[in-house]
Amino acid sequence: MMQSTTGELSLSWSQVAARRLVRHGLDTPAQGARPAEIVRALCGAHAQVVSAAFWSIGLRSASLTSTAVKDALWSEHSLIKTFGPRGTVHLLAAQDLPLWAGALSALPPSHNGQSQEVRLTPEQTDEVVKVIAAALSDTELTIDELSEAVIAATGSWAGELVMPAFNGMWPRWRMALAQAGICGALCFGPNRGSKVTYTNPRRFLPEFAPVEERRALTWLLKSYLSAYGPATPQHFAQWLNAPRSWAKELFNALSAELEPVKVNGSLAWVVAGDSTFPSSLPQSVRLLPYFDAYAVGGQPRELLFPGRATQRALTPSGQAGNYQVLLVDGIVAGVWHQRRSGRRLDITVEAFEQLSATQRRELDEQVERIGAFLNAQPCLTLGPVNVGAHA
């Protein structure tokens with residue numbers, strides 16, 4: 001590390017990657033860490049694919065199993081499945097839920113591209129959220145059961161089929177579903193057979209109350225920079241799916257608590273006083289699942305996904321997470337796929353460059369770790385992966 005001529009710490013990309021590997025628990029798997037501790041360090045585990053979220057946690061531990069993560073979610077309730085950053089489904093640490101609710105509720109509202117005549121008014125949104133909280137206060141409901149309760153309590157307007165969906169149209173009230181999760185009126189319950197259920201997180205956190213906006217946003221920005229920094233307001237805005245102008249204003253408002261650094265000559269920020277970086281790059285080979293936090297939140301994309309990784313591991317729009325990726329020394333260096341049949345787990349890895357003997361041994365160890373996590377017998381094949389992007 002060296003000081004720039006303008007006073008900022010000057011860092012190379014390899015130093016940034018080294019720090020993020022350590023912060024994300026991808027250098028050395030943790031001994032004895034509980035699922036909620038791991039999730040806190042990541043600022044949430046993306047759970048659009050729940051099995052992928054479980055492996056996001058498991059790969060950062062030396063001993064956790066998928067059963068242990070499942071118990072943390074559905075039995076201990078130290079994890080909560082709900083709507084998090086970008087309005088997408090995440091596993092969040094239960095103890096942080098009041099902070100998440102305070103911070104995410106403070107974001108500028110998004111209309112998700114719906115036309116004015118289709119949108120819920122702010123008053124209608126508030127009404128639906130209150131009804132959802134009440135309907136789920138002591139039970140778990142499927143989406144159809146929740147829909148009946150919301151429409152019965154609010155009126156026919158809530159049930160108008162105006163929202164385009166995968167296989168038809170959804171009722172108007174469902175535009176408030178993610179908002180209900182974000183503000184803490186709703187979270188996911190355990191599946192009822194093949195059906196998703198929802199419940200109220202206050203069943204598990206009786207004293208739940210969203211934290212005050214300024215304190216919550218300060219916590220969120222500092223937590224993000226701890227995991228993903230150095231970063232810019234633009235990076236933070238993309239991670240949250242928030243306006244860049246809003247993110248810039250937040251960085252400016254908290255400037256006294258932030259510290260500028262240079263990464264490959266470009267200005268970025270860390271939390272003030274949190275400017276220690278590893279002196280060397282940890283050597284590691286990891287198999288990241290769909291939507292892993294390291295890939296989704298990592299910026300700049302062109303440095304994290306260099307060369308062939310740009311075409312093979314990102315969507316045409318540059319979105320990360322839709323492919324399972326091989327991570328070598330903090331850089332995306334391949335893609336992979338798994339298929340399970342009984343206890344057999346077939347894993348195919350397509351490396352973009354030939355792996356060294358040491359890297360191949362580490363890949364074998366990673367494959368064995370997946371098998372132990374899933375209680376399966378893994379079989380590794382090196383070759384092309386022909387599976388497309390996950391939606």
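No lab work stands behind these numbers, since they all come straight from the coordinates. None of the values given here were measured: they were computed from a predicted structure. Cβ coordinates were reconstructed from backbone atoms using ideal geometry, including for glycine residues, and neighbour counts include every protein chain displayed.
Here are a few things to note about the model shown:
- Solution diffusion estimate, µm²/s, Stokes-Einstein, segment 54-213, Kirkwood Rh from C-alpha pairs, 20 °C, viscosity 1.002 mPa s: 130
- Computed over segment 99-147, the convex hull of the alpha-carbon atoms projects to a mean area of 4.7 nm².
- Linear extension gain, Trp157 paired with Arg340, 0.36 nm per residue minus alpha-carbon span: 61.4 nm
- Debye-sum result for segment 225-277 in log10 I(q)/I(0), which assumes one identical scatterer on each alpha carbon, at q = 0.13, 0.14, 0.23 Å⁻¹: -0.28, -0.32, -0.87
- Net charge over other residues, Cβ less than 15 angstrom from the Cβ of Arg214 (K, R count +1; D, E count -1): -2
- For Ala209 and Arg40, the FRET efficiency from 1/(1 + (r/R0)^6), where r spans their Cβ atoms and R0 equals 30 Å, is about 0.95.
- Taking the inverse of the mean 1/r over every pair of distinct Cα atoms in segment 220-370 gives a Kirkwood hydrodynamic radius of 17.0 Å.
- Counted charge near Gly298, where neighbours are those whose Cβ lies closer than 12 Å (Asp, Glu -1; Lys, Arg +1): +2
- For segment 338-367, applying the loop criterion from DSSP together with a ceiling of 12 other beta carbons within 10 Å to the trypsin sites (Lys or Arg not before Pro) yields Arg343.
- Expressed as a fraction of 2.2 N^0.38 Å, the C-alpha radius of gyration for the chain is 1.01.
- Within straight-line cross-link reach of Lys262, aspartates and glutamates at Cα separation under 18 Å, skipping those fewer than 8 residues along the same chain: Glu8, Asp274, Glu302
- Considering only segment 285-382, percent of DSSP beta bridges that pair antiparallel, nearest 5: 75
- Ser115-Ala165 pseudo-label distance in nm [points 7 Å out on the Cα-to-Cβ vector]: 2.1
- Calculated on C-alpha atoms, the gyration radius of segment 1-147 divided by its Kirkwood radius gives an Rg/Rh of 1.08.
- Its Cα gyration tensor gives segment 285-382 an equivalent ellipsoid, and the semi-axes of that ellipsoid, as √(5λ) in whole Å with the largest first, are 23, 15, 11.
- Calculated FRET value between Thr310 and Ser75, using beta carbons and R₀ = 45 Å, to 0.05: 0.60
- Note on the chain: with charges restricted to the Cβ of Lys and Arg (+1) and Asp and Glu (-1), its dipole about the Cα centre is near 660 debye.
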